[in-house]
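Notes to accompany the following structure.
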Amino acid sequence: MAGGWSKDGDVHEQIESTVQDELERARSHLPQGESLTHCEECGEAIPQARRDAVPGVRLCIACQRELDKQQSAISGYNRRGSKDSQLR
């Protein structure tokens, strides 16, 4: 159902675009390459089990947890110009 001046399907397209943007952002943050043996932030050893579970891992669990906290502060809303996102 369209609302205001929008065409049918516009809301669905905005939702799909937002989901695709978030997937691309998440994929761009996945580790790549060979896992490090020591954390690049604090220098602590990264356990072999973590290196096996997460190929390309670069941070120990504590540093990764801190990074995840910082990144979760990023608001996930549609940035494509919807009225709702302009009001935030």
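Would you tally the residues in segment 1-53 being in a helix (DSSP H, G or I), surrounded by 12 or more Cβ atoms within 10 Å (Cβ to Cβ) and modelled with pLDDT under 85? Matching residues across segment 1-53 total 2.
The number of residues in segment 1-60 that are among the basic types (Lys, Arg) and more than 25 Å from SER72 (Cβ to Cβ) comes to 1. Please tell me if GLN64 is modelled with pLDDT under 85 and part of a helix (DSSP H, G or I). Here the answer is no, as GLN64 does not meet what is asked.
The values are calculated or read from the model by the stated rules, or taken from the named source; none is laboratory data. No experiment lies behind these values; they were computed from the predicted model shown. Cβ sites come from the backbone with ideal geometry, for glycine too, and all protein chains shown count toward neighbours.
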